[in-house]
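Notes follow once the structure below has been shown.
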Amino acid sequence: MNETLQMSEQATPEFDGYASSYDTLLEDPMRGAFARDPLHFHRRKWLLIQRLLSKAGVEPSSLRWLDAGCGRGELLNLAGANFKQAIGCDPSAGMLSSCPFFAVHQQKSPFELPFRDASVDLVTAVCVYHHVPEEARALLLSEMKRVLAPGGLCCIIEHNPWNPVTQAIVQRCPVDADASLLTASSASGLLRVVGFEPLSTAYFLYLPESLFNRLSLLERFLVRVPLGGQYAILARRAGDSSYSDGMRRTRVISGKQCH
Ligand SMILES: C[S@@+](CC[C@H](N)C(=O)[O-])C[C@H]1O[C@@H](n2cnc3c(N)ncnc32)[C@H](O)[C@@H]1O
């Protein structure tokens, strides 16, 4: 592991410094004008995840879901009951402490997920990767692949750097001081490198909350236009030839609690 990654391993999780005043830190007039209720952003993500799963022919009720980098667990709280099992993890104990969802675990290392090989069917990472150092992204994604069962699905949701409003909000948000946004094509490239097959990419968050409630169909026509405020990529674990080797080894993360 290189020096930067070693330093990230040892550092106090960045979000511990934001957790106690998280809502205040996220306040922004443009964000507030887009959605008065901050939960709107989580609801939009859940709607989109449902649509992407349905397009892939998968029922949430058949899936064990892990939300990696779940933060305060709003998405888990909103959607968890629809899955066979829903769990979360995050390196920041501060963020997890205000999580109303009980099945969450702290990641002792930012680059290791505290779960067994092949133990979930869907893993999501929502607005996580722009906080992960570029040189560590493949490492974290390999972990997401490791915990997925054969044929399992991965969904990455990220800010879209092509959207000027997103750029403006990110540039002045204290929580995003370290952010390095990734385009959907670079996220897809990363997924491929690690051994995922991207199935679909959808851009969303074009319309503010007030218009979306009346014109949601319009956003459906725009899913392929790469200008939405955020995007989601659904990918499947490609070729599982290494899976049987992995199962034979049945790796238990050394010295860490594994669920
Ligand atoms: C912007 S918050 C998003 C939280 C949540 N997913 C949501 O959508 O509200 C980013 C989260 O990513 C977490 N994070 C940062 N680096 C991570 C890593 N290497 N592995 C997992 N989570 C990480 C942070 O602790 C923080 O809770």
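Brief remarks on what is shown
- Cα-only radius of gyration and Dmax that characterise the range 1-108, units Å: 15.9, 43
- Residue with peak Gaussian network fluctuation, the chain [Cα springs, cutoff 10 Å], from Q85, Q230, Q107: Q85
- GNM result for the chain, Cα springs below 10 Å: residue of K108, K84, K145 fluctuating most strongly: K84
- Exposure proxy ranking, count of Cβ atoms within 10 Å, fewest first, for M30, M95, M144: M30, M95, M144
- Positive-end residue, the range 30-249 charge dipole about Cα centroid, Cβ charges, pick of A168, V120, L211: L211
- Calculated diffusion of the chain, Stokes-Einstein form, Kirkwood radius summed over Cα pairs, 10 °C and 1.306 mPa s, µm²/s: 85 µm²/s
- Under the criterion of Cα pairs below 8 Å and six or more residues apart, the relative contact order for the chain equals 19 percent.
- Of R31, R72, R64, the one that fluctuates the most in a GNM where the chain has Cα springs shorter than 10 Å: R31
- Helix-only [θ]222 nm of the chain, DSSP H runs n ≥ 4, -39500 (n - 2.57) each, per residue, nearest 500: -11000 deg cm²/dmol
- Annotation: peptides 154-160, 137-143, ranked by per-residue average of other Cβ atoms within 10 Å with the highest first, follow the order 154-160, 137-143.
- Among beta bridges from DSSP that stay inside the chain, the antiparallel ones total about 45%.
- Overall shape: oblate for the range 117-157, with the ratio a/c of the largest to smallest alpha carbon gyration tensor axis at 1.5 or above and b/c at least equal to a/b.
- Size of electric dipole in the range 30-249: Cβ of Lys, Arg +1 and of Asp, Glu -1, about Cα centre, debye, nearest 20: 460 debye
- Hits among aspartates and glutamates - C-alpha to C-alpha of K45 under 19 Å, sequence gap 8 or more where chains match: D23, D37, E59, D67, E74, D90, D121, E158, E209, E219
- Exposure proxy order (Cβ contacts within 10 Å, fewest to most) of D16, D90: D16, D90
No value in this document is a laboratory result; all are computed from the given coordinates. Quantities reported herein were computed from a predicted structural model and do not represent experimental measurements. Using ideal geometry, Cβ is built from the backbone for each residue, glycine included, and neighbour counts are taken over all protein chains shown.
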